[in-house]
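Here the structure comes first, spelled out in structure tokens, and everything after it is commentary.
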Amino acid sequence: MAELRPSGAPGPSAPPAPGPSAPPAFASLFPPGLHAIYGECRRLYPDQPNPLQVTAIVKYWLGGPDPLDYVSMYRNVGSPSANIPEHWHYISFGLSDLYGDSRVHEFTGTDGPSGFGFELTFRLKRETGESAPPTWPAELMQGLARYVFQSENTFCSGDHVSWHSPLDNSESRIQHMLLTEDPQLQPVQTPFGVVTFLQIVGVCTEELHAAQQWNGQGILELLRTVPVAGGPWLITDMRRGETIFEIDPHLQQERVDKGIETDGSNLSGVSAKCAWDDLSRPPEDDEDSRSICIGTQPRRLSGKDTEQIRETLRRGLEINSKPVLPPINPQRQNGFTHDRAPSRKDSLESDSSTAIIPHELIRTRQLESVHLKFNQESGALIPLCLRGRLLHGRHFTYKSITGDMAITFVSTGVEGAFATEEHPYAAHGPWLQILLTEEFVEKMLEDLEDLTSPEEFKLPKEYSWPEKKLKVSILPDVVFDSPLH
């Protein structure tokens, strides 16, 4: 539950927002992290010291369901001369460390990120005659914050979020999100670390698919060039009825298709409904087998495997010409540190850490024949995996959301994999790696062409390459919701 009130009105657990000239005694009582972010808001909106604010009635650190303590809502006049319309500007408080006393976030020093290191923002076009901001964006931001807190997966600029529903629960075509840096809010140095501001940008399904097949930053740049689709500040208009490709058909062929061909895809992995079977081992012999989803005491991904899979799902690991799967040992990569506070649940770990088998006790096995299983949504990404990733010398990971296992496709250009050309199917506990040569990838793309036309698809669907001892099945969702998976 949340309530709407001016930020200057007394709340159940927070004082009013202080201004730059707040009395020292008052400022000392005000949470320092919160004070620092309010200072940046006051810099941007000096004429709105007490904006309307959606606040969690029961704070997350008191057992409430909403991780964001507050969402402030400002009226931004835009800039008509620059094609920036008047809009509502929403800013979250709670993904960063507001209090510094470990009630929510572990304090890790002033030089690193504060909490998760970012807050969310959202810019919604103001409708004619609208005197107050709609509050549904605040709940949308709470939903994204819940995902971050529960999964430990942080967001980066260029990331996409598949939502599969109009963001405001209307009939709008704006049903997914991209994330980018907020164009006005600057990073803030707080006593508990640095906070940046990531802006949510609403997009259509076709724009999401283009971002998946190419990259989020490329689509964001295209949206900036189309005023009605976002413009320079990427303002979301829930009444937008056309995609950027319908507004300007040349964008698909001249920018996106060319970008995919030249750059490939930056999407390195997804959480998905998927599973795999070792067809070279008798079903009753589950000693050291992948499966892990079959017995009453399922094997779990080890902590070190978890760290490596987490890294393969990160953005930006494939910038060089010869990408490398990260080493199994946890380490700092590309500015991210993965030494988590023990009180937080790893997004790829089992709910029961005692069920994890030590990494050293699981040997890597070479398999003769494998059977891959995906639901329709996950299967539809296989052509993207092959064309946009493997043909560009990269890798792609499916991490199961219904079981503790993963599937990583790798090309011959990827170092650090335990699958090799000699043994293209290899498993480390529940983690399967499949190495595909360029010639086989081309063959698979031909055979899987109908995956790109889901409206003509009937489940279940099976593809088989007997000479490669590989089988792929596309199955209904209900299969993956059963206890066996």
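The values are calculated or read from the model by the stated rules, or taken from the named source; none is laboratory data. For clarity, every value in this text was computed on a predicted model and none was experimentally measured. Cβ sites come from the backbone with ideal geometry, for glycine too, and all protein chains shown count toward neighbours. Note: accessible area is taken over every heavy atom of the protein model, side chains too, but ligands, DNA and RNA are not part of it. Shrake-Rupley method; radii C 1.70, N 1.55, O 1.52, S 1.80 Å.
Given a Förster distance of 56 Å, report the FRET efficiency between GLN186 and THR437 from their Cβ-Cβ distance, rounded to the nearest 0.05. Efficiency, rounded to the nearest 0.05: 0.70. From most to least packed by mean Cβ count within 10 Å, the peptides 262-268, 439-445, 79-85 give 262-268, 439-445, 79-85. Accessible surface for the stretch 99-235, divided over its residues, is 37 Å² per residue with a 1.4 Å probe.
For the peptides 140-150, 411-421, 110-120, residues were scored by their other Cβ atoms within 10 Å and the scores averaged per peptide; the highest-first order is 110-120, 140-150, 411-421. Of the cross-linked pairs LYS399/LYS468; LYS125/LYS373; LYS273/LYS469; LYS125/LYS273, those separated by over 32 Å at the C-alpha level are LYS125/LYS373; LYS125/LYS273. Give a quick list of GluC sites (Glu not before Pro) in the stretch 206-249 that DSSP marks as loop, anything other than H, G, I, E or B, with at most 15 other Cβ atoms within 10 Å. Passing sites in the stretch 206-249 are GLU242. Note on GLU377 and GLU130: with the Förster distance fixed at 22 Å, the Cβ-Cβ geometry gives a FRET efficiency of about 0.05.
Annotation: extensible slack from ASP47 through GLU221 equals 59.5 nm (criterion: 0.36 nm per residue apart, minus Cα-Cα distance). Applying 1/(1 + (r/R0)^6) with R0 = 22 Å to the Cβ-Cβ distance of GLU446 and ASP263 gives a FRET efficiency near 0.45. Loop-located trypsin sites (Lys or Arg not before Pro) across the stretch 36-144 with a Cβ neighbour count of 14 or fewer within 10 Å are ARG103, with loop assigned by DSSP.
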